1. Can you pull out the helices (runs of 4 or more DSSP H) entirely within segment 862-974 that have at least 2 residues that are in the same structural domain as residue 1075 (by the TED database), within 22 Å of residue 1055 (Cα to Cα) and out of contact with any helix residue (DSSP H, G or I) (no Cβ under 7 Å at 6 or more places or on another chain)?
2. Which of (1) more than 22 Å from residue 168 (Cβ to Cβ); (2) in contact with a helix residue (DSSP H, G or I) (Cβ under 7 Å, 6 or more places away or on another chain); (3) surrounded by fewer than 21 Cβ atoms within 10 Å (Cβ to Cβ) does residue 67 not meet, given it meets every other one?
3. Would you confirm whether any residue within segment 521-531 is within 15 Å of residue 597 (Cα to Cα) and touching a residue at least 40 places away in the same chain (Cβ under 8 Å)?
4. Considering each of 53, 8, 35 in turn, give the residue that is in contact with a strand residue (DSSP E or B) (Cβ under 8 Å, 6 or more places away or on another chain), within 20 Å of residue 98 (Cβ to Cβ) and modelled with pLDDT of 90 or more.
5. Scan segment 701-716 and tell me whether some residue there is assigned by the TED database to the domain that holds residue 831, more than 26 Å from residue 835 (Cβ to Cβ) and more than 25 Å from the chain's Cα centre (by Cα).
6. Among the residues of segment 1035-1048, is any out of contact with any strand residue (DSSP E or B) (no Cβ under 8 Å at 6 or more places or on another chain) and in a strand (DSSP E or B)?
7. Would a scan of segment 977-985 turn up a residue that is closer than 22 Å to residue 887 by Cβ, out of contact with any helix residue (DSSP H, G or I) (no Cβ under 6 Å at 6 or more places or on another chain) and not assigned by the TED database to the domain that holds residue 604?
8. Does segment 797-813 hold any residues that are touching a residue at least 12 places away in the same chain (Cβ under 8 Å) and closer than 22 Å to residue 88 by Cβ, and which are they?
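The values are calculated or read from the model by the stated rules, or taken from the named source; none is laboratory data. Everything numeric in this text was worked out from a predicted model, so none of it was measured. Every residue, glycine as well, gets a Cβ built from its backbone with ideal geometry; the counts of neighbours run over all protein chains shown.
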């Protein structure tokens, strides 16, 4: 309640506190719905909360005093355990008042005495408290109390001082209070209201101020003042003058009043011994009122004596009958014990005979063992001698083989050296001749058919110059999953089943928090239902299979399309709940996941992450969307480390989708990341079955619970309930790790069953008459949406639960307890509902709307929503082989379901148009635009941009070759970093910071080296001023802000610099995405132009660019790149 303010009026009775409380309304405070009505002694109203006043009277009564008592309240008494429940009740009172208003005014003179108690309550609620002290001259208070209560003036002065001292001492070191003199409020209300307005930082409503002065303030209600003849009156007058001189008071004010305390104590004691004080107190109206109240109480008690005597007599009769019954039971039990003793004696005799036989048999076995050991010793010695001879023979043979191998190696090296250098000299000579004659033969090349010329060039380049050429025509198909050699992988029959299992194209990999067979909960239910929607689901285990080789073991196929998979891991295995994976473990697990993807043909996938441990493993999977299923407030677990919490924060920021299970948990997570609530559910078909299976048998009513019994389980509440209902059985089914049950185990009607299989839960649920969820109200449970409430209701059972926010949402279906006493009451109400078929059917019908199938459908729909439409625009101009390779790579390695491919051809003169027409006919998501002339790079791409319908737009050259997951990586970078307007990948060949140091000879090596680089740079960005347009992505929002590409640059040069400048001018940043690699041949179309033509085009476009943007800054590589 950090946004709420509480304004507290402090002051002695008859000190103008009612007027001060009403004055706060002028400044915007509210008094709630329980304001005490006006009375004869206060016709303008008390302006105090009747419930809080009654509560405070009760607190003072618990201390044995009333509002008029002078007794000092012992320091620290409110810290005793007795007051804990009182504080909880007070918190509920204040929560109800602060819930519907931003500023609440609280006034009750009793607060002065009880200030330490209430300050602890307000601190628990985290509410901002401001104090205003209503100070009235003691003579006026004495006159008022004499008129209304017939109090002796000296006694009234003592009460005035006691309240003042309690206020000053109760404020503490961190609080202060504004002092407002009641007389000043009556004489100059506007001035005092402005002081209060400044102190409370709230504007003063002039209209309300006028109304307050004219209708509320009444000077005639001031009874004047008397001097009094007691030294206490003089002492009070002195303290009044001291406080009146202060603007505010605080704990430091105690230094001013400390000298007065000894005199106050002495004078108070003397006053108590003064006959006038005693007579005056006895004659006061308050004393008479108390006397009348006590006489009425005595009358009521006397009237109940006869009834109580009759009840005692009836109880005595019942007691005698019970004693007789117990005596009979004891006689029966004694006879049973005697029979048991006879049976034990017979059993002892039988065991003695068995022991004798055992001893004899043991001796025989020892003799036989000694004989066997002797025989085995001789055989072992003989075997050792034989093995020694064989070892010697093997050693000699090994030495001979090593000598032979050394000689052959030397001979091979000699031969290779001689051949290599001869071949190298020949190649160098021919290569030099080729370079010198190249200008001479270039004019004749036009006479040679194009395809022959290209093959000759490739042959010369490869054979003579020893230069690997990345010609798209020579680009081989590479393995889609780059992993260590898996040639020795032997698929089990279950692997073959998983490979050929039906799929809708989107596989689910569950990175779980619990194993499948450990305890059936949300992860398993969602996995089963997602599989029913057409996904293949691979549910990993929380432990790993020991193996030095990356890979996996498929353990089970527990449901259609669900496969339990254990990843291989070498070395020491981490515990996923306690530690995060180090670099060695990450690399091993990543490689094992890659083997899994390769062997089971997983293309596009969703990583459903239940625990932060798995974050970096899942993040390395290409073409994979990360979904974090945040099921609990992890900070609430005592076992959760700070390291794990920090990893969860990183996961929250990097996930493509975050789902939570409860509204309060969602509020916590919303501080880090937007999320969607997908609540728990029940396997309704299982829990609503009507069976005769009962796994607990009792003739008594049964109160049941199943689930974890840990630190958040309120075992004391169960003990209290069991003691209140000794005629009922309380059955607790579940593991008790983390819960101290020793006291509960001593209670005869509390029964601990332990952990049972999921399939047995229905048998226990059938035996329960009513079900409970007795959780402590801690942050962990306040953020919980308990699965068992859905399962209980599916079975139609009455349910009693503590007041967790999620169960309060369905309070019409169950009983919610707000305290221990309330829990006891609600159990009785629930037990009375047993057998009510109409209520049972209503609960079951509600649960049918909340089964796991509906939750899985909701999750599947959310995943589809985070897959925005992407338009990829490929501009072509001749180079058909490169175009084919580029399109093939898009088709094979994109795995993106919501893709629009737009191919724009700039009037190619080879067979490109014909190929594109045929290509598009067989593809439902491909659009081909054939230009009549070469529009240039910008105008050609603009043709595609104008017709693109995607949420994200990609410009991709046809001389590129994409890698697996490239599109998801670019999208993820833009989504996670809204400040980015345009991104591109790293590459092997470009003239700016996108180039990295990477070497490979063919596309197989490219895929290996690219995956190695991107794996080491997951989630990293490299900010640049300009991205090269061989491959860039930007959102539709950026496109609408920036517009089309500038067509003034014609065929090309500077169009990417221009567009990037416009993106940055629109307020966005530009970055290279370090975990996405795209191979680039570089300037395939430009290479067909003559050098002098390209240079002229460059200079022309540079003039256009610099006229618009100023001097061009040449591109450069990042440091260390060559």
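1. Details: elements: 880-893, 912-921, 937-947.
Passing ranges, in order: 937-947.
2. (1)
3. Step one: filter segment 521-531 for residues within 15 Å of residue 597 (Cα to Cα), giving none.
Taking every residue of segment 521-531 in turn, none turns out to be within 15 Å of residue 597 (Cα to Cα) and touching a residue at least 40 places away in the same chain (Cβ under 8 Å).
4. 8
5. At the first step, the residues of segment 701-716 found to be assigned by the TED database to the domain that holds residue 831 are 701-716.
If we keep only those that are more than 26 Å from residue 835 (Cβ to Cβ) as well, we get 708-716.
Adding the requirement that they be more than 25 Å from the chain's Cα centre (by Cα) leaves 715-716.
Yes; the residues of segment 701-716 include at least one that is assigned by the TED database to the domain that holds residue 831, more than 26 Å from residue 835 (Cβ to Cβ) and more than 25 Å from the chain's Cα centre (by Cα).
6. For segment 1035-1048, residues out of contact with any strand residue (DSSP E or B) (no Cβ under 8 Å at 6 or more places or on another chain) and in a strand (DSSP E or B): absent.
7. Checked segment 977-985: at least one residue is closer than 22 Å to residue 887 by Cβ, out of contact with any helix residue (DSSP H, G or I) (no Cβ under 6 Å at 6 or more places or on another chain) and not assigned by the TED database to the domain that holds residue 604.
8. Listed by number, the residues that qualify are 800, 801, 802, 803, 804, 805, 806, 807.
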